[in-house]
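K.L.:
Quick one: the structure is below, questions incoming.
The values are calculated or read from the model by the stated rules, or taken from the named source; none is laboratory data. Computed from a predicted structure; not experimentally measured. Here Cβ is always computed from backbone atoms with ideal geometry, including for glycine, and neighbour counts include all displayed protein chains.
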Amino acid sequence: MSDPLKNILKELIVTTLKLEGVSAADLSDDEPLIGSGLNLDSIDALELVVTLEKRFGIKISSSEESRQALASIAHLAEFIRARADPARLPA
């Protein structure tokens, strides 16, 4: 069974970062987002953090916290579940 939050995150990544030739279905839950894997740079990470903070009402307060949260889609989903208002999460 697929995880609705992970699916939303994948869609947000593709649309926010305007990834050409990449669909949400192409993204793996455990693939690194920064560096290798999806190969996002620091500007991409900042843009994504701003979008996530607005969408889920969370705060990512440091570069270290950002690095941990953006380790993979699976890590990001855990991070958001731990910090977001449950009303802002998919059912």
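K.L.:
Could you tell me which of the residues ASP41, ASP85 is closer than 19 Å to ASP3 by Cβ, loosely packed, with under 15 Cβ neighbours inside 10 Å and of a type outside the set (Gly, Ala, Ser)?
P.N.:
That would be ASP85, the only listed residue that is closer than 19 Å to ASP3 by Cβ, loosely packed, with under 15 Cβ neighbours inside 10 Å and of a type outside the set (Gly, Ala, Ser).
K.L.:
Also: Going by the structure shown, is SER36 within 25 Å of SER2 (Cα to Cα), at pLDDT 90 or above and either among the polar types (S, T, N, Q) or out of contact with any helix residue (DSSP H, G or I) (no Cβ under 9 Å at 6 or more places or on another chain) (or both)?
P.N.:
no
K.L.:
Restricting segment 20-37 to residues that are of a type in the set (Gly, Ala, Ser) and assigned to a helix (DSSP H, G or I), which is farthest from SER62 (Cα to Cα)?
P.N.:
Looking at the filtered set, the residue picked out is ALA25.
K.L.:
Then there's this: Working only within segment 19-38, note down all residues that are exposed (fewer than 11 other Cβ atoms within 10 Å of the Cβ) and among the polar types (S, T, N, Q).
P.N.:
SER23, SER36 - these are the residues of segment 19-38 that are exposed (fewer than 11 other Cβ atoms within 10 Å of the Cβ) and among the polar types (S, T, N, Q).
K.L.:
Where residues in segment 38-65 are part of a helix (DSSP H, G or I) and closer than 14 Å to ALA82 by Cα, which of them is farthest from the chain's Cα centre (by Cα)?
P.N.:
GLU65
K.L.:
Any chance you could count how many residues in segment 69-91 are in a helix (DSSP H, G or I) and more than 17 Å from LYS10 (Cα to Cα)?
P.N.:
Here the count works out to 4.
Residue by residue, here is whether (1) touching a residue at least 40 places away in the same chain (Cβ under 8 Å); (2) at positive phi holds:
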site: LEU5; (1), (2): yes, no
site: VAL14; (1), (2): no, no
site: LYS18; (1), (2): no, yes
site: LEU27; (1), (2): yes, no
site: GLU31; (1), (2): yes, no
site: ILE34; (1), (2): no, no
site: SER42; (1), (2): no, no
site: LEU46; (1), (2): no, no
